[in-house]
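Colleague: Below is one structure. I have some questions about it.
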Amino acid sequence: MTGSPISYGARLRQLAQERGAAEAVRFLAAGGGETSLSWADLNALTDRFAQALLERGVGQDDVVAFAVGNVPSHLALALAVWRCGATTMVLDPGMRPEAVRAMRERSGARLVIAPDPAAGDMTLEAFEALAAGMSEAPVDDLVSAPGKIVLSGGSTGLPKMMADDRPFTRIPGQSWGRVAPRLGFRCDQVQLVCGAMSHNAPFTWAQNGLFEGNTLVLMERFDAVRALQAIDRFKVGFAMLVPTMMVRMLDRLKESGATLESLHALYHTGAPCASWLKEAWIEVLGPERVTEMYGSGENTGQTVISGVEWLSHRGSVGRGFETQIRIYGEDGQTRPAGESGEIFMLPDDTAGRSSYIGPEAPEPKRDRDGYQSIGDTGRLDEEGYLYLGGRRDDVINTGGVKVHPETVEAVLHRHPDVLDAVVFGIADREWGQKMVACVVSKKGRSLDSKALHDFCAGHLSSQEIPKVFRFHDNLPRDGFGKIRRKALRAEFEPAI
């Protein structure tokens, strides 16, 4: 299927006209209930949402930020924003109100929909009530440019904003170029969406699925047994997972009774995958049905690897896919095969790169030939397969969510009984990295893990709360006051 580029809103209207009452979304609510939306239903809801956006003054080139969970309204709201020619910026529903307000200021968002009314203009419930009074009259399908603002971690703890300002259109059958088929993504299939759409990858794949006529099985909250059984029950063909989900599903596979016969592609990304975990899923599904991609929100390039390739290149994340890779040492010289250094990538289509936008937007780190780094390290083998090392900074990747330790430390230091604190990640079977907080209490004060957990819960999102608290008499700092985080991690990790 080929043709001319079309907007996501126009594509939905086209599919609604063609398919009408056929199912587009099967929603699995966290409480156990289910609802179904047809293509006609989804299109009508999108038009009502678009009418509500217009009522609130949203127009071409405006930014609409929304912190919404995994519910059908998330899908319709994004499509409505694009139908109005505006730009989406998806936020984590657990983001602190002050952070939501800061992101609004940075993005200049016209409208912010958030759980806390103090953080945005209105809640999702208020927006849905407004939309319920709107007509289903078709709204002209405009073209957004950019279609979305993508967020990534920033050195201050606030996300950096990135955008590709080309017209937000795709060609049916080619919604994400040639990389999607390489990962097992197909048109007109059943697709499981169990990752939080407040993050770019699940959001992107869900919307690409709708664009390609896929029926989405949308989980409000990830549950390993329910996800496994849903694959069998709805004959899911494609599922995007992160390693944390893969661990939990593997542990519950036998209990679930699932055969996974329909699943032709388990695609995983978002965090490093332990070799034992990758091998276990290859044994369950066969190497042809397991794929992996390494990339970034900056669209600096990507690598892809199949299970077949991985078995002969264990630990690799694959070779560059439409991407060239260089490894640079600290001396600025390229490193030969087998030697580690900083990863720099050059995609074949450099126009597809996202640019940092907004105040305090950093300059991309590029060499003179345009190869770009996001701060990861690794090495290439003689065949060009990439093996990841670690990050140049101390960002913690826990369950596919990147957390800056400075953000968590700042909260711990606000506790009246805390004298000093340091946060870092250690290897963990389930989470990839588990966040550890080492804390020193003030003289004469006592602390316990529950009190600190509860205190963090009042100031941080759930992903930012340490999994482990340990108490020390003092922490290793140098003469300049900087914490020796790596040394502490190296001493601490074997003991956990």
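Colleague: In the range 131-163, which residues are surrounded by fewer than 19 Cβ atoms within 10 Å (Cβ to Cβ) and acidic (D, E)?
Modeller: Of everything in the range 131-163, those that are surrounded by fewer than 19 Cβ atoms within 10 Å (Cβ to Cβ) and acidic (D, E) turn out to be E136, D140.
Colleague: Condition test on S4, is it at pLDDT below 95 and among the polar types (S, T, N, Q)? Steps first, answer last, please.
Modeller: Details: at pLDDT below 95: yes; among the polar types (S, T, N, Q): yes.
Yes: the conditions hold for S4.
Residue-wise test of (1) among the acidic types (D, E); (2) within 24 Å of E23 (Cβ to Cβ); (3) in contact (Cβ under 8 Å) with a residue 24 or more places away in the chain.
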{"position": "L111", "(1), (2), (3)": "no, no, yes"}
{"position": "D121", "(1), (2), (3)": "yes, no, yes"}
{"position": "E136", "(1), (2), (3)": "yes, yes, yes"}
{"position": "S144", "(1), (2), (3)": "no, no, yes"}
{"position": "L151", "(1), (2), (3)": "no, no, yes"}
{"position": "T169", "(1), (2), (3)": "no, no, yes"}
{"position": "A180", "(1), (2), (3)": "no, yes, yes"}
{"position": "G195", "(1), (2), (3)": "no, yes, yes"}
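Colleague: Same structure, new question: Identify, from the list L228, L218, the residue that is over 16 Å from the mean Cα position of the chain (by Cα) and hydrophobic (A, V, I, L, M, F, W, C).
Modeller: L228
Colleague: So, of the residues in the range 332-365 that are part of a loop (DSSP other than H, G, I, E, B) and hydroxyl-bearing (S, T, Y), which turns out to be farthest from M89 (Cα to Cα)?
Modeller: Filtering first and then ranking leaves S340.
Colleague: Another one. Return only the number of the condition from (1) buried (at least 20 other Cβ atoms within 10 Å of the Cβ); (2) more than 25 Å from E298 (Cβ to Cβ); (3) free of Cβ contacts under 8 Å to residues at least 40 places away in the same chain; (4) of a type outside the set (D, E, K, R) that F222 does not satisfy.
Modeller: It is condition (1) that F222 fails.
Colleague: Can I ask one more? Hey, any hits in the range 247-270 for a residue that's in a loop (DSSP other than H, G, I, E, B) and closer than 30 Å to R326 by Cβ?
Modeller: Yes - at least one qualifying residue is present in the range 247-270.
Colleague: For the range 371-449, list the strands (runs of 3 or more DSSP E) that sit wholly inside it and hold at least 2 residues that are in contact (Cβ under 8 Å) with a residue 40 or more places away in the chain and either over 24 Å from the mean Cα position of the chain (by Cα) or under 18 Å from A487 (Cβ atoms) (or both); which are they?
Modeller: The strands (runs of 3 or more DSSP E) meeting that bar are 376-380, 418-428, 432-441.
Colleague: How many residues does the range 101-154 hold that are within 12 Å of M89 (Cα to Cα) and not aliphatic (A, V, I, L, M)?
Modeller: Matching residues across the range 101-154 total 9.
Colleague: Would you point out which residue out of F321, F344 is within 18 Å of M240 (Cβ to Cβ) and not polar (S, T, N, Q)?
Modeller: Going through F321, F344 in turn, the sole match is F321.
Colleague: Checking the structure you have, find out if any residue of the range 83-104 is of a type in the set (K, R) and either under 21 Å from A457 (Cα atoms) or modelled with pLDDT under 95 (or both).
Modeller: Filtering the range 83-104 down to residues of a type in the set (K, R) leaves 83, 96, 101, 104.
From what is left, the residues that are either under 21 Å from A457 (Cα atoms) or modelled with pLDDT under 95 (or both) are 96, 101.
Among the residues of the range 83-104, at least one is of a type in the set (K, R) and either under 21 Å from A457 (Cα atoms) or modelled with pLDDT under 95 (or both), which makes the answer yes.
The values are calculated or read from the model by the stated rules, or taken from the named source; none is laboratory data. Since the structure is predicted, the reported quantities are computational estimates derived from the model, not experimental observations. Because the Cβ atoms are built from the backbone with ideal geometry, glycine has one as well, and the counts that use them run over all protein chains shown.
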